[in-house]
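The values are calculated or read from the model by the stated rules, or taken from the named source; none is laboratory data. Because the structure is predicted, anything quoted here is derived from the model rather than measured. Glycine also receives a Cβ, built like all others from the backbone with ideal geometry; neighbour counts cover every protein chain displayed. Just the protein is used for accessible areas: all its heavy atoms, side chains included, with ligands, DNA and RNA removed. Shrake-Rupley method; radii C 1.70, N 1.55, O 1.52, S 1.80 Å.
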Amino acid sequence: MVGIVGKPNAGKSTFFSAATLIQVPIANYPFTTIKPNRGIAYITAECPCKEFGVKDDPANSICDEGTRLIPVELVDCAGLVPDAWKGRGLGNRFLDEIRKADAMIHVVDASGSTDLEGRPCPPGSHDPLEDVDFLTREIDMWLFQIVKRDWREICKGGDARSALESKLSGLSIRRADIERAISESGLGQKKLAEWADDEIMGFLSRLREISKPILIAANKMDLPGAERGLEAIKRRGLKVIPCCAEAELALRRSAQRGITNYKPWRRSFEILDGARLSDEQRRALTMIMEGVLKRWGGTGVQEAINSAFFDLLSAIVVYPVEDVEKLSDHRGRVLPDAYLVRGGTTARDLAYMIHTELGRGFLYAIDARTGRRLSGEYQLRNGDVISIVSAEKRR
Ligand SMILES: Nc1nc2c(ncn2[C@@H]2O[C@H](COP(=O)(O)OP(=O)(O)OP(=O)(O)O)[C@@H](O)[C@H]2O)c(=O)[nH]1
Ligand SMILES: [Mg+2]
């Protein structure tokens, strides 16, 4: 799951609604969202159907003219304000939500037209870098509070690292991440009981970076002053995508109503049914085309979602099939499933993901492109079409 996070009034719900087409309250004041919104968005990948010249029949995903849409879960969180970790604003509600997040898209108002608490202010009068910094600080303080409360207890037993792991369980944090954060914080040789507070803090900060990576969506790029905000964020060396959630929402609604042929993964659109547009709507679409799509190369919403999975989480998409000739499953469906898996996943791992018995009886895999046999240790590559040969038949 990817969480959409940030201060109030930055455009999180607009981003969420544009990505999922779920209607949620959106308004120009803080704390419009109180309870988180959950929904399904899609990451996009080039579907192998074109390359293989086949007509596919997707089951767990969608193929739209050669673009494969793979469902992913998004959560639109309540706004976060300074000192949320102490319970200020809707603090705990926000932080509880990101427990389950594998990564976060931080929606920042790059135009600086809302203050740190989300109240409207003159464009350019608030520094978006403050927003960038405070969010990680809040999360770090929240994590610190969680472990510090029980630090003594964690250190008491013989296996402090396992105690720490169980303290952090439920936060989508893996043991390997903990070990990596310890070693990268230079604490590998030190007993947990000897860690000073600033060392605990340093460790948690690194752990957050590893286990809950953040992508910045510099939103409201249609407003004056946003470009300066974007440049400032870029200068920090952070991963950032210019974004206009409002434009994406307008475009997706126009396509839903058959007025345009917009697709989130394309950078332009045509008006199909101009007769149904008012002058104002037509002007708005022209503005979006000129001021957002041509200017920034897209609205940034689809790009941010893809980047969260492909870049932050190093995910890849693979297509398991049973019959390598027909590229079909046992029911004859061509390229039925697209699996979104972590980079480093092996052919054997994939077999287990499909079915335990398929994994247990794993003999070898076949690469549908080359016909080559692949061992269980073969690390899958993005776009692989793979058939698994197993001693145990699927029931
Ligand atoms: N100009 C401009 N306005 C935007 C954009 N995205 C969102 N907005 C506006 O920003 C305001 C806040 O949007 P929301 O999506 O409700 O913001 P939020 O971050 O969910 O706010 P909370 O739920 O209060 O935390 C609304 O008036 C939106 O129309 C954008 O890309 N450009
Ligand atoms: Mg909201």
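Couple of notes before you dig in:
- Some residue of the stretch 107-117 being of a type outside the set (S, T, N, Q), away from ligand 2 (no atom under 15 Å from the Cβ) and within 19 Å of residue 212 (Cβ to Cβ): no
- Annotation note: of 68, 93, 88, the sole residue that is under 26 Å from residue 145 (Cα atoms) and away from ligand 2 (no atom under 15 Å from the Cβ) is 88.
To keep it simple, each residue is scored yes or no on (1) on the phi > 0 side of the Ramachandran plot; (2) part of a helix (DSSP H, G or I); (3) within 22 Å of the chain's Cα centre (by Cα).
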site: 3; (1), (2), (3): no, no, yes
site: 9; (1), (2), (3): yes, no, yes
site: 18; (1), (2), (3): no, yes, yes
site: 38; (1), (2), (3): no, no, yes
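- Search result, residues across the stretch 360-395 that are outside any loop (DSSP other than H, G, I, E, B), touching a residue at least 24 places away in the same chain (Cβ under 8 Å) and either open to solvent by 80 Å² or more (accessible area, probe 1.4 Å) or farther than 20 Å from residue 335 by Cα (or both): 360, 362, 363, 379
- Taking the criterion of being farther than 20 Å from residue 221 by Cβ, outside any strand (DSSP E or B) and open to solvent by less than 10 Å² (accessible area, probe 1.4 Å), the residues of the stretch 97-123 that qualify are 98, 101.
- Put simply, of 33, 20 the only residue that is open to solvent by less than 40 Å² (accessible area, probe 1.4 Å) and within 10 Å of ligand 2 (Cβ to nearest atom) is 33.
- Remark: pairs (first residue in the stretch 256-270, in contact (Cβ under 8 Å) with a residue 40 or more places away in the chain and over 14 Å from residue 297 (Cα atoms); second residue of a type in the set (A, V, I, L, M) and assigned to a loop (DSSP other than H, G, I, E, B); Cβ separation under 9 Å; 6+ apart in sequence or on different chains) = 256/21.
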